[in-house]
Amino acid sequence: MEKKKCIPNRLPPEVYKALENIVGPEYISQDRAVVECYSKFCVDSTGALKKHAKDPSNIPACIILPGSTEEVQAIVHVCNRYKTKFIPFTNGMITFNGPATNEPTVCIHVSRMNRVLDVDETTMSARLEAFADYAQVQADAMKKGLWNGGSPLATTLSKLSSQSAFAGVWQTDHKYGTLGRNIVSIKLVTAGGDILVTGSDTVAGVDDFWEYGPGPDLFSLVRGSGGTTGIVTEIVVKLHAWPGGKSLPEPPAGRPSIPTYADPKHDTGPAPDRYRLLWIEFPDFESELAALRKIGQACIGQGLNATGVYNAYYCSQTQDMTLERVENKFFPPYNCYVIIGGVTSEKQIAYEEAVVRDIIAETGGTFLNDAHKADVIEALAPWNLDCIRHVTGFRMNRHSYCGSNILGGPVDTVARKTRQVWSKAIETFGETYVTDRGGMDDTPFLYSSNHGGRFWLTEADVYPDQTKPELLQKGQALVVCGIINTIADKYGPGANGLGVSIEPVTSFMPEVGPNAHLLFRGIRDIFDPNGLCAPGRQIFSKQEYEQFPEQALAGLNKMRQMHGLDPVER
Amino acid sequence: MALQKSDIEAIVGAGNVADDDATIAAFSSDQSAVAPRRPDMVAYVQSVEQIQNIVKLANETLTPVTPYSSGLNLHGAAIAGQGGIIINMSRMNKILALDEDNWYVIIEPGVTYEQLQNHLVSKGYRIMVPFGVPPGRSVLTSYLERDPVMAAPSFEHGNFLIMDTELVLPNGALFKTGNWTSGGEPGAPAGPIRNSLFRMWTAAQGTLGIMTKMGLQIEPIPQRKVFFIPLHNVACAVKPLKQIQYREIGTECLLLNNFNLAAMLNDEWTVPADFPAAPASTERFTALRSLLPPWVLIVSVNGLPRRSAEKIAYEEEALRQVCDEANIELLETIPNISGAAQLFESEMLRPWSILKKFNFKGHVRDLTFKCPVNKVDELIEIASKTSCDGGYNCTHIGVYVLPLERARALHCEIDLHCLMSEAATVNSLWLKVSEALMNAGAYFDRPYGAWAPMVYGRAAGYSDMLRNLKKETDPNNIMNPGKLCFTN
């Protein structure tokens, strides 16, 4: 059998030369070994499938590392001059879609722009370059009694700039909201090559202290755009009062990089000063929901979340431990945890804990502690520190993560809806991982996203083994099925409510908005007049829309019809 | 083809379109310095479909449309700068839903603060209200225009309160944000796709669409204890204010000078129904001012739904600690003044007593801006000095300062007062003071009327993008044309 060769696209020499002139030869490469490193993103089932199929379209033609906003802008200008596609790249933690084009694509990796430029105590904000991460900003801010209000599930892996263009969900959404609520301004090199600054900083002579620009707010167009509006080069994030001391207690370093190594000491640290983490288990889903609602409406705490089955891989040091703990139902499936901080005084902690205890007594929950399931509370110890600052990218001991169903809404409806959506999806397509059935279909992750507990986010993730293409395809089907299910049931925005790039669902789901795709395509045209940036993501350009394969559209229409929606035409 | 009255009558019904002189004159101006301009007609709509049909017709005939809810914007938003139709939504005034399980309401544009708050209070809830808002102002428009509410010092309780929205786009299409976006139940702000897309339509003065429904957070009415901190000047307020906010003490918090405080406390003055108002006697007002400290910081420590007294107690203790450390007094009333605590408890729900300030001279020219906390003293001084240099009696300046998000920023309102006969002079001075404040770093984030060219002239990149957005979404430029940076 003839061996199929995978040959990446190459840039025309004049384009490469023009780019090299901007950054110098040491910060640009089209070496095969280098470009391959950028050819599959973290949460990228499409990229993985292309690897299996030896499809080169996810392999960038070159990687370029600018060192400043000015260099980013110059690169974008060159790309526009030569009509060359390009993608912004921070850490590759993106959900879906690498360069989804068969044309040569420039990957603009902003890893050299990695400084915390300033922490301003007066305006309680920090100015960061695009590649600065949560760990950096928290380390700098905590020295000044401030913090950014949360971190997602992988501190050093997530960059705030790219998070601003995507989801930005973190554990302390309950008090601080998602990252989108915590951005003062961004500096964006638009896809067309202009500089756009949002917030008060956009007005000459005004400091960067307020999040709304003059008049209509343009940040809301960038937020959640998945990179289609341009490249964020600087971001000013809000900071909040931090009572937990000038540094965080660190667990011992020195974990060997051995897959089967399982000493929990590296994951175990105490909660920071003036912080308490309360774990509660419930006898059933109904009592869990009742408690979540009551705690939410008590308006206390910084974080209020239910982990469901997630603890199994989150707190297990090896894949084998994960599987064993799921099988043995080691962790209580119906649970929640409350993060309490004493910002006003120590007495705030006592007050809030008393309120939680009242509610748990009312709802039939039981606190996990040394007297009740001591082994479980010990195994949950990674959360003590991680409720504030995640260091767990390596600890996610499950298979690859290739997509999510993330719904929003009031706790009762969103929790039940997620169970229903997920159950239907796995009934239709089957499961991809041990946590799918009897796990996420029963107890999805729930994040309170509002201090009155008015609205919540749920998360049901897909974890196929990336070495098996059929599981990757199944994972994709589960995600798309879930999204279409929510739309067909007229339940909220589904997974697309957080700015996750979900094309082709945006373009072929006119029910959303309605016709949100028309508005978004118009917005993309404003930012990206040549349709070059982040091809295939979030909202197709007109050209991408027209070129979307008939066969794929037919598949999408089949899924629509399965959920009672009429097929759509281009 | 020009749009005819009969065309609009065909949509909204005969008797619901007015083009008589009295009506046109009434809709030609507000109390602001924005120049009056006559619309061609005023259409009283009662449904979203009627709005959609008018907008579609306006596109066909290139007729400007100006949305109008209560007419109490006071910055010229509802003045039809290029004529055309005023779409008057004041009759769309239903409270469509009150969700007591999830603490939100759904309202139409004609619902006023007084109407909504009265309804909610009867059920044990409250809507967050901006200080000094007219009770007849549209809640929907006020939130859309980013009026900061009194609870804005609290990150959790006073900001990001808009949930789902429904609007008519400039092409007449209906569009929804939040959970509503798929056509089902409301209940969350995110979506479609972009997490906080609704923000695009804020502070837009109706130039990018007409919002027709809005979901807003409400909360149970809290128990509270109000405290007063007398201060000699703004400079000595900065440090305790910052510390109080850093420790997240209290929910509502505002700083008033004695001009504004005396206006609120003057029981001989009433809240005017219309703006501008008729000037009234100032004798009692002047006497009250002489009894008041120059500045007073007011802090409301609120309970929560559970163990309310315990919550108030630990915050009060922390507040006393901050004041002791700063060597300033913490009082439960204002010396020499009776009823101050009761007044402010009431103001937390219905904060319109400050509107009595219109009794002073009838007209108020406000300077509303935001700034970092370390600039507030300097900016107030600049406003005062520039006014004095321009011949204004600088003892006649009212000042209100509101911390935003635990004093990350401050919202400031500085008022210049004038009689009708002084309006031209004071308008000119008001522009000079505006310019001086902008030059010193004050941020006018809602650049309405005469402020528009001054602010957008300093924000070229942002303005260009806004114009592109306007061109893309409103290619016929029918939505309230001429406002903001959309001058062509």
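The values are calculated or read from the model by the stated rules, or taken from the named source; none is laboratory data. Values in this document were obtained by computation on a predicted structure and should not be read as measured data. Here the Cβ positions follow ideal geometry from the backbone for every residue, glycine too, while neighbour counts run over all protein chains shown.
Close contacts from segment A:203-227, counting a first residue that is more than 7 Å from chain B (Cβ to nearest Cβ) and assigned to a loop (DSSP other than H, G, I, E, B) and a second that is among the basic types (Lys, Arg) and crowded, with 24+ Cβ neighbours inside 10 Å, with Cβ to Cβ under 8 Å and a gap of 6+ residues or different chains, come to A:GLU211/A:LYS238; A:GLY226/A:ARG537; A:GLY227/A:ARG537. For segment A:332-379, the set of residues classified as in a strand (DSSP E or B) and under 28 Å from the mean Cα position of the chain (by Cα) consists of A:ASN335, A:CYS336, A:TYR337, A:VAL338, A:ILE339, A:ILE340, A:GLY341, listed by residue number.
Results for (1) surrounded by 15 or more Cβ atoms within 10 Å (Cβ to Cβ); (2) in a loop (DSSP other than H, G, I, E, B); (3) free of Cβ contacts under 8 Å to residues at least 60 places away in the same chain; (4) more than 14 Å from chain B (Cβ to nearest Cβ), shown as yes or no for each residue.
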| site | (1), (2), (3), (4) |
| --- | --- |
| A:PRO270 | no, yes, no, yes |
| A:LEU277 | yes, no, no, yes |
| A:ILE280 | yes, no, no, yes |
| A:LYS294 | yes, no, no, no |
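Residues in segment B:106-125 that are in contact with a helix residue (DSSP H, G or I) (Cβ under 8 Å, 6 or more places away or on another chain) and acidic (Asp, Glu): B:GLU108 only. Could you list all residues from segment B:318-359 that are among the hydroxyl-bearing types (Ser, Thr, Tyr) and surrounded by fewer than 17 Cβ atoms within 10 Å (Cβ to Cβ)? If the condition is that a residue be among the hydroxyl-bearing types (Ser, Thr, Tyr) and surrounded by fewer than 17 Cβ atoms within 10 Å (Cβ to Cβ), then B:THR333, B:SER338, B:SER346 are the ones that fit.
Output the residue which, of all residues in segment A:523-570 that are of a type in the set (Lys, Arg) and outside any helix (DSSP H, G or I), is farthest from B:GLY183 (Cα to Cα).
Pass one, segment A:523-570, residues of a type in the set (Lys, Arg): A:524, A:537, A:542, A:558, A:560, A:570.
This time we only want the ones that are outside any helix (DSSP H, G or I), so: A:537, A:570.
Working: A:ARG537: 24, A:ARG570: 22 Å.
It comes out as A:ARG537.
Selection of helices (runs of 4 or more DSSP H) fully inside segment B:196-307 by the criterion of at least 2 residues being free of Cβ contacts under 8 Å to residues at least 24 places away in the same chain returns B:283-291. The residue that is surrounded by the most Cβ atoms within 10 Å (Cβ to Cβ), among those in segment B:75-118 that are part of a loop (DSSP other than H, G, I, E, B) and among the acidic types (Asp, Glu), is B:GLU108. Need pairs with beta-carbon distance below 8 Å; first residue closer than 25 Å to A:SER541 by Cα and within segment A:179-195, second of a type in the set (A, V, I, L, M, F, W, C) and surrounded by fewer than 21 Cβ atoms within 10 Å (Cβ to Cβ); sequence gap 6+ or separate chains. So the pair list comes out as A:LYS187/A:ILE195; A:LEU188/A:ILE195; A:VAL189/A:ILE195. Within segment A:233-259, residues that are over 20 Å from A:ALA132 (Cα atoms) sit with their Cβ atoms under 6 Å from residues that are at pLDDT 85 or above and among the charged types (D, E, K, R), at 6+ positions apart or across chains, in these pairs: A:PRO243/A:ARG274; A:GLY244/A:ASP273; A:GLY244/A:ARG274; A:GLY245/A:ASP273.
Look at B:LEU379 and say whether it is of a type outside the set (Lys, Arg), more than 17 Å from B:GLY136 (Cβ to Cβ) and within 14 Å of chain A (Cβ to nearest Cβ). Yes; evaluated as a whole, the condition is true for this residue. Considering segment B:179-209, the residues that are of a type in the set (S, T, N, Q) and at the interface with another protein chain (Cβ under 7 Å from one of its Cβ atoms) include one that is surrounded by the fewest Cβ atoms within 10 Å (Cβ to Cβ), namely B:THR202.
Would you point out which residue out of A:VAL76, A:VAL72 is at pLDDT 95 or above, within 25 Å of the chain's Cα centre (by Cα), within 23 Å of A:GLN538 (Cβ to Cβ) and outside the structural domain of A:SER162 (by TED's automatic domain parsing)?
On the way: A:VAL76 fails: within 25 Å of the chain's Cα centre (by Cα).
Of the residues listed, the single one that is at pLDDT 95 or above, within 25 Å of the chain's Cα centre (by Cα), within 23 Å of A:GLN538 (Cβ to Cβ) and outside the structural domain of A:SER162 (by TED's automatic domain parsing) is A:VAL72.
Among the numbered conditions (1) assigned to a loop (DSSP other than H, G, I, E, B); (2) crowded, with 24+ Cβ neighbours inside 10 Å; (3) within 8 Å of chain B (Cβ to nearest Cβ); (4) not hydroxyl-bearing (Ser, Thr, Tyr), the only one that A:GLY452 does not meet is (2).
A quick yes/no check of all residues on (1) modelled with pLDDT under 95; (2) crowded, with 19+ Cβ neighbours inside 10 Å; (3) touching a Pro at 6+ places or on another chain (Cβ under 7 Å):
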| position | (1), (2), (3) |
| --- | --- |
| B:ARG408 | no, yes, no |
| B:CYS418 | no, yes, no |
| B:THR425 | no, no, no |
| B:SER428 | no, no, no |
| B:VAL433 | no, yes, no |
| B:GLY441 | no, yes, no |
| B:PRO453 | no, no, no |
| B:ASP464 | no, no, no |
| B:MET479 | no, yes, yes |
